[in-house]
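Here the structure is laid out as structure tokens; the discussion comes afterwards.
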Amino acid sequence: MTIDIKENVFASVPDADGRFGDYGGKFVAETLMFALAELESVYRKLSVDPDFQQELDQDLAHYVGRPSPLYEAKRWSRSIGGARIFLKREDLNHTGAHKVNNTVGQALLAKHMGKPRVIAETGAGQHGVATATIAARLGLKCQVFMGEEDVRRQALNVYRMKLLGADVVPVTSGSRTLKDAMNEAMRDWVTNVDDTFYIIGTVAGPHPYPLLVRDFQCVIGREARRQAQEQTGRLPDALVACVGGGSNAIGLFHPFLQDEAVAMYGVEAGGHGIASNQHAAPLTAGTPGVLHGNRTYLMQDADGQIMHTHSVSAGLDYPGVGPEHAWLKDIGRVNYVVATDDEALRAFHTLTRVEGIMPALESAHALAYAEKLAARMSPEQVIVVNLSGRGDKDIHTVAQIDGIQF
Amino acid sequence: MSRIAGRFEQLARQGRKALIPYVVAGDPGLDVTVPLMHRMVENGADIIELGVPFSDPMSEGPVLQLGHERALANGTSLRGVLELVSEFRKRDADTPVLLMGYANPVVHMGYAAFADAAAAAGVDALLTVDIPPEEVAPVNAELQRVGMDNIFLVAPTTPTQRIQRITGAASGFIYYVSLKGVTGAGHLDVADVARHLELIRGHSSLPVAVGFGIKDAESARAVASVADGVVVGSALVNAMAQAIEGGGDHEAAMAAAIALLVEIRRGIDNAAS
């Protein structure tokens, strides 16, 4: 399927039912339908309310530390010998990742709705930390659901959340990772829907979450667009971002979707390789289905059961993906590709050694693909990579793989 | 008239309320489900609700989550569940069978293929927890084509206008979720349930069954005094799991479930009289 991108189709999705083409929607239990309708109507009002926008902008500037720099990785670009690579430094945000752009926004919604309690799911712990952080600042009660397997892998972030006053609940059902944490958060929400706001961390889930998370993350792309023009005098030739649920990628891509000449690459977690079946790449190797409130591409077996995924990065270890990505794949606007665990680990080490910037393993997937892409391009061309988070949280994982004992 | 509508009519004539037991197909074993269904019918079940196991059962409490996990570990698939219903139908042509589960296995099979296979197997109705009226049109078209009922949930949070929309798309009966929470939760408020049932009945002449949080003869009696039917799930699944944990075999598990079912039947009949 192709579309004429001169027409402003990108502003027309999602439609009133939360659909991006065939994807998205509201596939949840009846008990939650009322809460989603309430959230949608509050958000519709606040998203055009100048006071709310000003409050959000203030927080983004003075609490998160925006705008984040667009940094030209000259030494790394030269060593590859192709395009100029610029890094959008979301790793420099307060709490160390792009996740906080969204939690600041959703927590303000919770405050305006008078909800005293927030819950969140988390994989790597970055969204959990960002939620616990803003909950501490606004004095909201906070509970974070995290798969038992991820609690083990990300012990440092678990302790960070506890220091921030959040209650971290290890989830022992299913595969004990991000998808199960999301199941458990939904169960909590259905039980405590009167006083609880569910802060979803990615552009997935039932409508209006894919819309509002996109809106809160688009600050990344808006800044990058302006910064690229200031620094290079034109728009970039290509954008690269990793895709788990896909919030950092949508945040970077969305403000450029109508710029026909800007190519876009969403990099999924290739794990041990697509052929191994141990990966987390639903757009590359999955099929459409329904999970966690929306219709999208999923990793599923022949009976429609959700498959266990694998990625070295807990933040990408998820069998679904935001519905807007599913749509962007089908209409051919964004190219979805993979980077394996090994490729991401190599990129982690390369950027650390060549630029003195230690990326999150999630972001390292984008870097790994950007390196290949840059090599095929000319030195006059420009790539912007979303460096969605910093790698401190992954030092333990990397050390373990390298056989280092502390 | 559908088997479900017929069953509720028959019960109404007799002045009885429907007992609707829920078990997860394939739990505790694939060989248990069909004999258990027959024994539940012999011991007072009016409609059987078979849970279709799913890897991510988002509305289930801990007891049914484990039931789904055990059933999947036993190799239960949606097609396998349909085979179990076919097997059940060889000896029982009268008892309505309702499948309850999540969207994705049905979506993956395809609505048309599912409707054909389910109707051929003798399934009477489908209840998908995560397909609300907003998303139901394509599946409803297929269910109607083969004469199957679509059972919808109404929740304590459902506003009045939505009740109208839901009852408009529903057939068979309305399933009222008695509490805000997951299956097996323990904070049932019968007066509150009664208020909501009155609201629902103001919009629909369909029978209303109540589920979530009914666990014994007393809670079943209380709910049956206001509802047309009582759904019991987690308590039965838990009774079987406990029996097996205590060293019992599948026969012991079935016996435990049936003992509880008989007690609950008595509770319901006490309310009706």
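Return the loop-located trypsin sites (Lys or Arg not before Pro) in the stretch B:41-110 (DSSP other than H, G, I, E, B) with at most 12 other Cβ atoms within 10 Å of their own Cβ; answer none if there are none.
Numbers: sites: B:70, B:79, B:89, B:90, B:91; in loops: B:90, B:91.
Sites meeting the loop and neighbour criteria: B:90, B:91.
Just how large is the dipole of the stretch B:3-272 about the Cα centre, in debye to the nearest 20, putting +1 at every Lys and Arg Cβ and -1 at every Asp and Glu Cβ?
Details: 21 positive and 31 negative charges, 139 e Å.
Dipole magnitude for the stretch B:3-272 comes out near 660 debye.
Using a ≥ b ≥ c from the Cα gyration tensor of chain B (square roots of the eigenvalues), is it rounded, prolate or oblate, where a/c under 1.5 gives rounded and otherwise the larger of a/b and b/c decides, a/b for prolate?
Numbers: a/c = 1.38, a/b = 1.07, b/c = 1.28.
Rounded shape, in that the Cα axes give a/c under 1.5.
Take the Cα of residue A:75, step 7 Å along the line toward its Cβ, and report every residue of the stretch A:354-368 whose backbone nitrogen sits under 16 Å from that point.
Within reach of a label on residue A:75, which here means backbone N under 16 Å from a point 7 Å along Cα→Cβ, the stretch A:354-368 contributes A:354-359.
Using the structure shown, list the pairs from A:115/A:329; A:99/A:179; A:115/B:17; A:99/A:372; A:45/B:180; A:74/A:99 with a Cα-Cα distance above 29 Å, or answer none. Let's see the in-between values first.
Numbers: A:115/A:329 36 Å; A:99/A:179 17 Å; A:115/B:17 40 Å; A:99/A:372 27 Å; A:45/B:180 27 Å; A:74/A:99 27 Å.
Violating the 29 Å limit, Cα to Cα: A:115/A:329; A:115/B:17.
Taking DSSP loops as anything outside H, G, I, E and B, show the longest stretch in chain A free of trypsin sites (Lys or Arg not before Pro) there with at most 14 other beta carbons within 10 Å. Spell out each step's value before the answer.
Numbers: sites that count: A:6, A:234, A:376.
Free of exposed loop sites, the longest segment is A:7-233.
Give me the number: length gained by fully extending residue A:308 to residue A:11, i.e. 0.36 nm times residue separation minus the C-alpha to C-alpha distance, one decimal in nm.
On the way: separation 297, 0.36 × 297 = 106.92 nm, distance 3.43 nm.
Taking 0.36 nm per residue and subtracting the Cα distance, the gain is 103.5 nm.
In debye, nearest 20, what is the charge dipole magnitude of chain A about its Cα centre with +1 on Lys and Arg Cβ and -1 on Asp and Glu Cβ, if you could check?
Numbers: 39 positive and 48 negative charges, 189 e Å.
Result for chain A is approximately 900 debye, rounded to the nearest 20.
At a 1.4 Å probe radius, carbon and sulfur cover how many percent of the accessible area of the stretch B:3-272? Each step should come with its number before you reach the end.
Working: 4630 of 9170 Å².
That fraction is 51 percent.
If I take every Cα pair under 8 Å that is 6 or more residues apart in chain A, average their sequence separation and divide by the length, what percent do I get for the relative contact order?
Dividing the mean separation by the residue count of chain A yields 21 percent.
So for the pair residue B:255, residue A:162, with labels modelled 7 Å out along Cα→Cβ, what separation do we get in nm?
4.6 nm
What nm value, rounded to one decimal, do you get for the distance between residue B:73 and residue A:112 when each label is placed 7 Å out toward the C-beta?
Going from the residue B:73 label point to the residue A:112 one covers 4.7 nm.
Classify chain A from the C-alpha gyration tensor, please: rounded if a/c falls under 1.5, else prolate or oblate depending on whether a/b exceeds b/c.
Values: a/c = 1.32, a/b = 1.21, b/c = 1.10.
Taking the square roots of the gyration eigenvalues as a ≥ b ≥ c, chain A is rounded.
Say the dipole of the stretch A:54-116 comes from +1 at the beta carbon of Lys and Arg and -1 at that of Asp and Glu; which of A:76, A:65, A:109 then lies farthest toward its positive end?
Value computed over the given set: A:76.
In the stretch A:201-304, which GluC sites (Glu not before Pro) fall in coil by DSSP and have 15 or fewer other Cβ atoms within 10 Å? All intermediate terms of the calculation are to be shown ahead of the outcome.
Working: sites: A:223, A:230, A:260, A:268; in loops: A:260.
Answer by residue number: A:260.
Rounding to the nearest 20 debye, state how big the charge dipole of the protein assembly as shown is about its Cα centre with +1 on each Lys and Arg Cβ and -1 on each Asp and Glu Cβ. Each step should come with its number before you reach the end.
Working: 60 positive and 79 negative charges, 220 e Å.
Computed charge dipole of the protein assembly as shown: roughly 1060 debye.
Give the relative contact order (percent, whole number) for chain B; include only Cα pairs under 8 Å separated by 6+ residues. List each step's numbers first, then the result.
Working: 507 pairs, mean separation 58.7, N = 273.
Result for chain B is 21 percent.
Just reorder A:198, A:265 by solvent-accessible area, largest first, 1.4 Å probe, all chains present.
Details: A:198 0, A:265 40 Å².
Order by accessible area, largest first: A:265, A:198.
Please report, in Å, the Rg and the Dmax of the stretch A:14-127, where both are computed over Cα atoms only.
Cα only, the stretch A:14-127: 18.6, 56 Å (Rg, Dmax).
In Å², nearest 100, what accessible area do chains A and B bury in total when the solvent probe is 1.4 Å? Walk me through the intermediate numbers first.
On the way: alone 15470 and 10920 Å², together 23540 Å².
Heavy-atom accessible area buried at this interface is about 2800 Å².
Using only the Cα atoms of the stretch A:319-380, build the gyration tensor, take square roots of its eigenvalues as a ≥ b ≥ c, and label the shape rounded, prolate or oblate: rounded if a/c is under 1.5, else prolate if a/b is larger than b/c, else oblate. Kindly include the intermediate steps, with their values, before the conclusion.
On the way: a/c = 2.70, a/b = 1.52, b/c = 1.78.
Note, shape of the stretch A:319-380 comes out oblate.
Where both residues lie in the protein assembly as shown, what percent of DSSP beta bridges are antiparallel, nearest 5? Numbers along the way, then the final one.
Working: 16 of 76 bridges.
Counting DSSP beta bridges with both partners in the protein assembly as shown, the antiparallel share is about 20 percent.
Give the accessible surface of the stretch B:73-223 per residue, rounded to a whole number of Å², with probe radius 1.4 Å and ligands, DNA and RNA excluded.
Values: 5290 Å² over 151 residues.
Here the per-residue accessible area is 35 Å².
The values are calculated or read from the model by the stated rules, or taken from the named source; none is laboratory data. As the structure is a prediction and not an experimental result, all values here were calculated from the model. Using ideal geometry, Cβ is built from the backbone for each residue, glycine included, and neighbour counts are taken over all protein chains shown. These accessible areas exclude ligands, DNA and RNA; they are computed on the full protein's heavy atoms, side chains included. Shrake-Rupley method; radii C 1.70, N 1.55, O 1.52, S 1.80 Å.
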